[in-house]
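> The structure's right below; bear with me while I get my questions together.
The values are calculated or read from the model by the stated rules, or taken from the named source; none is laboratory data. On a predicted model such as this, the values are computed, not experimentally measured, just so you know. Counting neighbours? That spans all protein chains shown, and the Cβs are built from the backbone with ideal geometry, glycine included. Protein only, heavy atoms only, side chains kept; ligands, DNA and RNA dropped before computing areas. Shrake-Rupley method; radii C 1.70, N 1.55, O 1.52, S 1.80 Å.
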Amino acid sequence: MSSLPILMYHNVVSEKSKSKGLNIFVDRLEEQFKYLIENKYNTYHLSELQNLKTISQKSVILTFDDVTKNQMEFAIPLLKKYGLKATFFIPFKYVGGFDDWNSGSEAIMSVDELKAIPSNIELGYHSFAHRNFEKISLEEAQSDFDMSEAFVLENKLNVFRAIAYPYGKYPKKIIQEKEAFFKVLEKNQMHFALRIGNRVSKFPFKDKFEIQRIDIKGEDSLFKFKLKLKFGKLKLF
């Protein structure tokens, strides 16, 4: 098996003083991308992994949640500049509007903007209403998938069937509840599902619906980024 760090990003900001938590300063993001290129890391779309049994020794998956307009303004040009692939996860209810998990402060890309995204970026599911799957019933989860699918079809979007769990949450404490939820994912033909976990994943994936991601924080130095890339989130962080 090969190590495959899957990095999780959110908002990209233009002011260094705001680079903390889920907000990362654009220059810091570029520094990280340059490091990946200079150290010959290969990036993949999640869809590519379906047909692969092995990956190159230095591989990484880049993911961005929420398809915010700040990602369109800052992240997409950098991804294009450095020739990096990434997956952007869509909370469909909020497309063309604003989020409601950051006090309604972040503008979300429109349908037209999503359709204009360059080919080095793949789109994925982030639920319809950005709900915590750990706190809703199986019927509510299925309804959320139904609304997501209707949105994709109505707007003729090309979205790969991989989902990043909102808040990284899904039923996992009781094995029967987890298995029932995973049956919902299977019913909706999800190929992969991503949690947080903060550990470096192994490929091929052992548990396709519990793939771990590493959260990259705005305050992370380049040194800490390198450590996360190699080891995930250490306790000393």
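> Give the long-range amide H neighbours of Ser201: residues separated by 5 or more places, or on another chain, with amide H under 5 Å away, using H modelled in the peptide plane at 1.01 Å from N.
For Ser201, the qualifying residues are Leu4, Ile6.
> Treating the beta-carbon of each Lys and Arg as +1 and of each Asp and Glu as -1, no other charges, what is the dipole magnitude of the chain about its Cα centre, to the nearest 20 debye?
Values: 37 positive and 30 negative charges, 256 e Å.
Here the size comes out at about 1220 debye.
> Would you mind calculating the gained length between Lys115 and Lys81 on full extension (0.36 nm times residue separation, minus the Cα-Cα distance), in nm to one decimal? Before the final figure, lay out each step's value.
Values: separation 34, 0.36 × 34 = 12.24 nm, distance 1.95 nm.
So the chain would gain 10.3 nm between Lys115 and Lys81.
> For the charge dipole of the chain, defined by +1 on Lys and Arg C-beta atoms and -1 on Asp and Glu C-beta atoms about the Cα centroid, which residue among Asn120, Gly97, Ala141 has the Cα displaced farthest towards the positive pole?
Asn120
> Let me ask you something else. Hey, which of these cross-link pairs are over 29 Å Cα-Cα: Lys34/Lys135; Lys81/Lys178; Lys18/Lys172; Lys20/Lys85? Provide the component values of the computation, followed by the final result.
Numbers: Lys34/Lys135 39 Å; Lys81/Lys178 41 Å; Lys18/Lys172 34 Å; Lys20/Lys85 24 Å.
With Cα atoms farther than 29 Å apart: Lys34/Lys135; Lys81/Lys178; Lys18/Lys172.
> Still on this structure, I have one more. Averaged per residue, what accessible area in Å² does the range 132-237 show with a 1.4 Å probe, protein chains only?
Details: 5850 Å² over 106 residues.
On a per-residue basis, the range 132-237 sits at 55 Å².
> If you place +1 on the Cβ of every Lys and Arg and -1 on the Cβ of every Asp and Glu, how big does the dipole about the Cα centre of the range 1-71 come out, in debye to the nearest 20? Let's see the in-between values first.
Numbers: 9 positive and 8 negative charges, 25 e Å.
Dipole of the range 1-71, to the nearest 20 debye: 120 debye.
> Also: Return the distance in nm (one decimal) between the two label points of a simple spin-label model at Ser17 and Glu179, each offset 7 Å from Cα along Cα→Cβ.
With each label point 7 Å from Cα toward Cβ, the separation is 5.5 nm.
> In addition: With semi-axes √(5λ) of the Cα gyration tensor in Å in mind, check (i) 32, 25, 18; (ii) 30, 18, 17; (iii) 26, 22, 17 and report the label derived from this structure.
(iii)
> Additional query: For the range 42-88, which whole-number percentage of the solvent-accessible area (1.4 Å probe, protein heavy atoms only) is attributable to carbon and sulfur atoms? List each step's numbers first, then the result.
Numbers: 970 of 2000 Å².
The value for the range 42-88 is 48 percent carbon and sulfur by accessible area.
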